[in-house]
Structures are given as C-alpha cells and as structure tokens.
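We did not get these values from a lab; they are worked out from the coordinates using the rules stated. If you're wondering where the values come from, they're calculated on a predicted model, not measured in any experiment. We place every Cβ from the backbone using ideal geometry, glycine too, and count neighbours over all the protein chains shown.
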Amino acid sequence: MDFGYFTLTDNPPAYGDRRRDPSAFFHEVIEEAVFADEIGLHSVWLPEHHFGLFGCLGATSTALGYLAARTKRVQLAPATVLLPCNHPVLVAEQYCTLDQLSGGRALFSAGRGYDHREYEAFGVPFAESRERFDEGMLLVRKAMAEENITWDGQIYQVPEPITILPRPVQKPHPPIYVAAFSRPTVEMAARNGFNVLFAPFAAAMMFGSLANAANEFKQIAEASGYPDSRVLCSYFFGLADDAEEERRFKDRVLMYLKSITPAFPGDPSTAPPHIAYFVDIVRRILAMRPEDLGERSIVTGDAARCVAQLKQVEAAGISEVILYFNVGLYPHAATMKMMERFAREIMPAFAPELSASASGR
C-alpha cells in the first residue's frame, strides 16, 4: 500500500481569531508538499476550495504545476477539482499540461463538491451538480485521451473538432479518480472505469464499512470490464505517544469537523435531493464528542497502533492512503516533524508493498 500527503488547507471562518494568514499557510503547504517528495511519500494531493469559505487554495493546477518543478518523484493530484464549476475542456488542458510539466506524474481527481456558495459565485446551478459532474467526467477523459474530438451532450457542446495541447505523457491519459461520498457516485465511477477516492467515514455510512465500500466498487468495476480499478482513501493522521497527545489530536479533528459544517447542506427542508445525505453527516458531526472519533475517520496512537490500523486498511483492498497531517491548525513545524516520523517509523512496515507497487508502474 502506498501513502500520500493530503491537505484541504482548512482555515474556515469558524476558527475565529485563531485563523491562519492564508498566504503564509499556502506557502507552508507548498513546503510540506516538497518535503513529502523528499521523505519518500508516493503522492501529493492539494484541494480546490474557493473564497476562504473552507480552505485557502482555489487555483490548484497552478500550485501543482509549481510543485512539478520543485519535486522529482511524487505523483501530483488535485483533491479534488470542483468539476461542475469548471469547464471540462479547460480542466483537460490544465491536467495534460501538468502531466507534461511533471514528466508523467499527474493524477486527475474530481468531485461534485457540497458548498452551494461556490456554485452561486460561479453562476452554476447547484441543483445541476449531478448532471454536470457525470457528463463532465466523460468529456474530460475524452479530451485527454483523444484528438480531434467533438461532443454533443446535455450540458456541454463541442461542435467543431478540437485537440488538447500539449498531449499528456501518460497514455491514453493520466489516472482518473472520483471523490465519492454517495452510492450513485460510486456506481458511476465503477461503471465508467474511473478509480475511486473514499472518505472512510462516508464510506462506512453508505456501505457499512470501508471494506464493504471497496469490495462493492470493485465488483461493479470488474463486472463493467474494469478489473484494475483502484481504491484510495484519506485519513486524518496524528501520531500520539501518550493519551494526552491523542486527546489533543482528536480535539483538533473535531474542531475542524464542526467548523466546516456551514459548508454542508444541513437543513432537511432546504437540502437539494441530490446531496441530501449531507444532512445526516452534519447531524452526526454536531453530536460528536472527541471520544467518538475512531477508525472510521482517524489514524492515531503510537507507531505500532498506526501500523496495525493501516494494515487493516490495506487488507480492505485499499491501494493507497492519503494522510491529512496538518488538520485543525496543527503548526507547520509540528506537521513536518510528524511527516518525518511517519516516513521513519511507519512506512518501513509497508516497504515490500511499496517496492512491489513501484516496480509495476
């Protein structure tokens, strides 16, 4: 199983006076991403969140392009492109360009998002997110994979043949992931040959467990002719040498979770049907206590406990785990130290798997 660096640059207004300077935080994230390459992590995943409503990075492909020049081996990915608010052809141009700049290290990942305020600012109907996303994913793939394409869809029209330049290094296109919170999205990804990226707590809500979610996705993908589709997941990660350090980590995660609920549809009387499942997510988050946080959302404890939990994740059929180190105002210096400890104390337990996966690429 591989491991990656993941951040959402969480800096919501609910953090109040503790909120970070967004420009300084952005540069810290870039430094952490470069460090991820240096310590041997497999990938770097940067978010797309607009206007400081949640995070502080909107121009994700630009940041990843910069990292292409600063890094040597990590795969570079968005987590995730808010595809309904971006034109799929322009997105295809951005990530084909990233693939060239990185020498074939680009990944592409997209999702529907959940914050209606971002949709409204871009003039995109929130109620159309499903239709725009499903069609947009197919158009992005076609534009990256083929030349002289046309498109006649419900949302998008490309009447005259076009070719995206530069063409990607990876053929037919960079690996494509769908960030999935709902069963319809999981099924769409599996049937169309896309890989999937799960948040384990959401996977458990929808399928009973992360292992069930991974198994059901793989079954649908294989039945649809895509036996090699991959399953990734993300976790909040906090090495903790004692109970007090573990409590502080859980406090940070819970502060983060409760602070971002304004971005989610939480009112059952107003939540659009296509995203109504977030009402239950918000209800559960608001009722949580630190001790309620468990293996469905976090990896914590000493190195031995973290290895044991991650081995269970690997056994569930997960190809790669991307780890959220800097959640909840965790200081930059402490984040770098934890990343270094993860590489030194935990990754060696997965070295045979890492070596095997690297040789297969």
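Of note:
- Selected residue (criterion: surrounded by the most Cβ atoms within 10 Å (Cβ to Cβ)) from residues of the stretch 100-123 that are part of a loop (DSSP other than H, G, I, E, B) and out of contact with any strand residue (DSSP E or B) (no Cβ under 6 Å at 6 or more places or on another chain): Arg112
- Complete set of residues in the stretch 204-222 that are closer than 11 Å to Gly317 by Cβ and either touching a strand residue (DSSP E or B) at 6+ places or on another chain (Cβ under 8 Å) or crowded, with 17+ Cβ neighbours inside 10 Å (or both): Leu210, Ala211, Ala213, Ala214, Glu216, Phe217, Lys218
- The set of residues in the stretch 81-120 that are among the aliphatic types (A, V, I, L, M), under 17 Å from Leu139 (Cα atoms) and in contact with a helix residue (DSSP H, G or I) (Cβ under 7 Å, 6 or more places away or on another chain) comprises Val81, Leu82, Leu83, Val89, Val91, Ala92, Ala110.
- Residues of the stretch 201-220 include at least one that is out of contact with any Asp or Glu (no Cβ under 7 Å at 6 or more places or on another chain), more than 30 Å from Leu254 (Cα to Cα), not β-branched (Val, Ile, Thr) and not in a loop (DSSP other than H, G, I, E, B).
- For the stretch 236-252, residues that are part of a helix (DSSP H, G or I) and surrounded by fewer than 21 Cβ atoms within 10 Å (Cβ to Cβ) total 8.
- Taken together, the criteria place Phe6 among residues that are out of contact with any helix residue (DSSP H, G or I) (no Cβ under 8 Å at 6 or more places or on another chain) and closer than 25 Å to Ile318 by Cα.
- Only one entry of His27, His42 meets the criterion of being surrounded by fewer than 17 Cβ atoms within 10 Å (Cβ to Cβ) and more than 22 Å from Met255 (Cβ to Cβ), and that entry is His27.
- Residue match in the stretch 56-69 (condition: surrounded by 24 or more Cβ atoms within 10 Å (Cβ to Cβ) and part of a loop (DSSP other than H, G, I, E, B)): yes
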